[in-house]
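Right, one structure below, let's go through it.
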Amino acid sequence: MTTRPHQALAYELDEPLAYRWTDTAFDMCTADDPGLTAAVERSAGITRVVVSGFCPRCLGEISGEEILTAAGEKGVLGDGTAGTPDLFTRVLVTCNCELGHENRPADVKTGCGITFAVEVFRDDLA
């Protein structure tokens, strides 16, 4: 993954959920040199999606995870859907770069203000 220069953009207040962020994230994930990755990982009865790379808006370095399932004493938590499971899971990701963005609200410590979606193939369900 090639380092990309951070864009010193103002905090996004007008269209934080615009589809263009998801569209750009898709292009970044599928590029020859992916600037963003999302992978399903399994360990100790926990299935999670791990996202890492660069924000599709400001190009700041971001990372995060979302737990999909966890095995506990009373069985498996999450993904308790009836019927055939969907082999793709959509995960929402919010920019959490630690770089400065003008106009960031005082109570927000990280990010440029956008949220985007990535879909991951659930090979654990295939």
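The values are calculated or read from the model by the stated rules, or taken from the named source; none is laboratory data. Please read these numbers as outputs of a predicted model, since none were measured by experiment. Here the Cβ is made from the backbone with ideal geometry for all residues, glycine too, and neighbour counts use every protein chain on show. We work out accessible area using only protein heavy atoms, side chains counted, and drop any ligands, DNA or RNA first. Shrake-Rupley method; radii C 1.70, N 1.55, O 1.52, S 1.80 Å.
If you add up the charges near Trp21, with Lys and Arg at +1 and Asp and Glu at -1, over every other residue whose beta carbon is less than 15 angstrom from its beta carbon, what do you get?
Working: positive: Arg20, Arg57, Arg90; negative: Glu12, Asp14, Glu15, Asp23, Asp27, Glu119.
Every neighbour counted, the sum reads -3.
Rounded to the nearest 0.05, what FRET efficiency do Leu125 and Phe26 have when you use their Cβ-Cβ distance and R0 = 25 Å? Show your work: numbers first, answer last.
Numbers: r = 21 Å, r/R0 = 0.84.
With R0 = 25 Å, the Cβ-Cβ based efficiency is 0.75.
Using a Förster radius of 35 Å, what is the FRET efficiency between Glu41 and Asn103 based on their Cβ-Cβ separation? Nearest 0.05, please.
Numbers: r = 35 Å, r/R0 = 1.01.
E(calc), rounded to 0.05, equals 0.50.
Working with all protein chains in place, sort Ile114, Ile46, Ile67 by solvent-accessible area computed with a 1.4 Å probe, largest first. Walk me through the intermediate numbers first.
Numbers: Ile114 0, Ile46 65, Ile67 90 Å².
My answer, sorted largest first, is Ile67, Ile46, Ile114.
If you rank Phe26, Phe121 by how much accessible surface each has, with a 1.4 Å probe, what is the order from largest down? Working shown, then result.
Details: Phe26 125, Phe121 95 Å².
Correct descending sequence by accessible area is Phe26, Phe121.
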